[in-house]
Amino acid sequence: MNKWLKGLSFIIITVILVSGLVGATTLKVANYYAVDHPVNQALREEFKTIVEKETAGKIKVQIFPNNQLGDEQEFIEGVQLGTIEMAMTGNMWENTIPVFKIIQLPYVFKGYQHANAVLNGPIGAEIYQKLAPLNVKVLGSFPNGFRTISNNKRAINSLADTKGVKLRVYQGETIINLMKALGFDVVVMNMSEIFTALQQGVVDGQDNSLVTTYYAGWYDVQKHVAITNHIYGPGYLVVNSDLWQGFSVQEKEIINRAATTTMEKIMSSVIEQEADVLAKIKAKGLEVTHPDLSFFKTAAQPIMDQYLKEYPQYQDIVNQIEELSQEF
């Protein structure tokens, strides 16, 4: 009888273990960042660790950096369709959801703390609701940093220096209009093509945060950097909504907590590394300039005016962002 019970117990335990393995969910997290970028460091050290540990392995996390699952538009569509569970996206959502354009309006944020309070607070939650029809849920926002401009043609000290500089931009209406307003010749191009385009002279420069540009290796083929801080670069951790609804209350709580911790880790890493990156690129011989931004802000103001003329229904959100800036 004892042997029979032991055999039955072994079978039951085996079935439980196998069932648990079969029932495990794998979250593929796609992004375009380099493997050693702070975003992927935080995903490995915080998000993956917390989710797998606290769900006892029931939910697995696989991270796919450096456009391994396609460019941003491709993995955005993958999350919508559910073929990719999660992604760290930029603000390409503005191409289909006009309210997201607010976040990319020039000089709308006072600094990192202001942007974080907006995008991880009630204002952000109101904006993210607009993604529901796309079957996408935002779990949190993190900074890519404030965008700066690097190029090979000349040092930028004023708007006069932007003339004739071919600048790579992503496919976003706001960034395209802004760079044209500042005087650049814009070239729309995927992020994965930037290094070769800079190296071969297809474009003269690009705009991204100091940290993103450094980890992508683009400073190896650039000569000048201008600290313009013209646009705050937001990132979002998004998940397929249908998948999200299938999680238990406890699983959602774990994933949400892991997401919050990850967002905080990325923000602190980006801020800490900006000063270090600035020192490193100066040591590499790049010329760093700090132009008078008042002229850049004046040139950019018509973009805000045009946006509110086209979408007057979002004036209240813009006002809320402005009011919140007084706290920072």
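Every condition in (1) within 24 Å of N135 (Cβ to Cβ); (2) not in a strand (DSSP E or B) is met by V238 except one, and the failing one is (2). Filtered by the rule that a residue be among the small types (G, A, S), within 19 Å of T212 (Cα to Cα) and surrounded by 16 or more Cβ atoms within 10 Å (Cβ to Cβ), region 267-307 gives a lone residue, S269.
Where in region 106-202 are the helices (runs of 4 or more DSSP H), entirely inside, with at least 1 residues that are over 25 Å from T96 (Cα atoms)? Here the list reads 112-119, 194-200.
Entry remark, region 62-79: residues being surrounded by fewer than 18 Cβ atoms within 10 Å (Cβ to Cβ) and either of a type in the set (V, I, T) or in contact with a Leu (Cβ under 8 Å, 6 or more places away or on another chain) (or both) number 1 in total. Candidates are the residues of region 243-253 that are free of Cβ contacts under 8 Å to residues at least 40 places away in the same chain, in a helix (DSSP H, G or I) and over 22 Å from the mean Cα position of the chain (by Cα); the one that is surrounded by the fewest Cβ atoms within 10 Å (Cβ to Cβ) is V249.
P291 falls short on exactly one of the conditions (1) modelled with pLDDT of 95 or more; (2) in a loop (DSSP other than H, G, I, E, B); (3) touching a helix residue (DSSP H, G or I) at 6+ places or on another chain (Cβ under 6 Å), and that condition is (3). Taking the condition under 22 Å from V118 (Cβ atoms), among the polar types (S, T, N, Q), part of a helix (DSSP H, G or I) and in contact with an Asp or Glu (Cβ under 7 Å, 6 or more places away or on another chain), does T212 pass? No; evaluated as a whole, the condition is false for this residue. Residue pairs whose Cβ atoms lie under 6 Å apart, separated by 6 or more positions or on different chains, with the first residue in region 177-191 and closer than 13 Å to D161 by Cα and the second part of a loop (DSSP other than H, G, I, E, B), are G183/K163; F184/V165. Screening region 81-102 for residues that are surrounded by fewer than 18 Cβ atoms within 10 Å (Cβ to Cβ) and among the polar types (S, T, N, Q) and picking the one that is farthest from the chain's Cα centre (by Cα) gives T83. The residues on offer are N256, N240, and the sole one that is crowded, with 20+ Cβ neighbours inside 10 Å, polar (S, T, N, Q) and more than 15 Å from the chain's Cα centre (by Cα) is N240.
Among the conditions (1) at pLDDT 95 or above; (2) aliphatic (A, V, I, L, M); (3) within 28 Å of L210 (Cβ to Cβ), M92 misses just one, which is (1). Scanning region 188-198 for residues that are within 21 Å of N91 (Cα to Cα) and crowded, with 16+ Cβ neighbours inside 10 Å yields M189, N190, M191, I194. For region 63-80, the criterion of being in contact (Cβ under 8 Å) with a residue 40 or more places away in the chain, farther than 30 Å from I303 by Cβ and not small (G, A, S) is met by at least one residue. A single entry from G145, G164, G124 fulfils the requirement of being in contact (Cβ under 8 Å) with a residue 40 or more places away in the chain and touching a strand residue (DSSP E or B) at 6+ places or on another chain (Cβ under 9 Å): G145. Looking across region 23-34 at every residue that is surrounded by fewer than 20 Cβ atoms within 10 Å (Cβ to Cβ) and touching a strand residue (DSSP E or B) at 6+ places or on another chain (Cβ under 9 Å), the one that is nearest to L210 (Cα to Cα) is identified as K28. Quick check, is E310 buried (at least 17 other Cβ atoms within 10 Å of the Cβ) and acidic (D, E)? So E310 does not fit the description; no.
The values are calculated or read from the model by the stated rules, or taken from the named source; none is laboratory data. As the structure is a prediction and not an experimental result, all values here were calculated from the model. Every residue, glycine among them, receives a Cβ derived from its backbone with ideal geometry; neighbour counts consider all protein chains shown.
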